[in-house]
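Single-structure report; data block below.
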Amino acid sequence: MLTPKANFWAEVDGEVVLSDWRVQLLQAIDEVGSISGAAQQLDIPYKLAWERIHEMEARLGQSLVEAQVGGAGGGGATLTPLALDFVRRWHEFNQGLEAMVAQRFTAAFGDSSNQAPGVSG
């Protein structure tokens, strides 16, 4: 059976700034309080997490993460109010999209979408 899938992201000048994955990264930083912990939680290299954060910040021209350098007590990271707002609004944007895509898919392909177009059973 055919099943619709959709992936949305937001760009600035043709470059990705927000996506489900990038929002998950921001959320993980907020939850665990560090970039390294967020990278570990998402099972990605620390360097990749830092790169994506820097990309988002550079493309927006604003900070999303405030990092504290480690030391005896260890470092940490917190999201800026802007990042928290982006996370909230991304979830608001995504709410209901899957249902909308499924509805439009059914309208275009019908309920018996297990056949290729033009092929009769």
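Observations
- Computed FRET value (nearest 0.05) for GLN95 with ALA58, which takes r as the C-beta separation and R₀ as 25 Å: 0.30
- Projecting label points 7 angstrom from Cα along Cα→Cβ for GLU66 and VAL16 puts them 2.9 nm apart.
- Amide H within-cut-off set for VAL12, under 5 Å, with H built and near neighbours excluded: VAL17
- Length-normalised contact order of the stretch 13-107 in % [C-alpha pairs under 8 Å, at least 6 apart]: 25
- Subtracting the Cα-Cα distance of GLU31 and MET1 from their residue separation scaled by 0.36 nm leaves 7.0 nm.
- Once backbone amide H atoms are built at 1.01 Å from N, LEU64 has no partners under 5 Å, excluding neighbours fewer than 5 places away on the same chain.
- Residues whose placed amide H lies under 5 Å from that of ALA77, excluding near-sequence neighbours: SER34, ILE35, GLN68
- Net length gained if the chain between LEU82 and TRP9 were fully extended (0.36 nm per residue, minus Cα distance): 24.5 nm
- Phi-based couplings in Hz for the stretch 54-63 (Karplus 6.51, -1.76, 1.60; Gly and Pro marked x): 4, 4, 4, 5, 5, 5, 8, x, 8, 7
- Here, the chain yields an orientationally averaged convex hull projection of 10.1 nm² when only Cα atoms define the hull.
- Within the chain, percent of DSSP bridges classed antiparallel, to nearest 5: 100
Read-outs throughout are calculated quantities, based only on the coordinates presented, and are distinct from any laboratory measurement. Just so it is clear, the model here is predicted, and its values are computed rather than measured. FYI the Cβ positions are ideal-geometry reconstructions off the backbone, even for glycines, and counts take in every protein chain you see.
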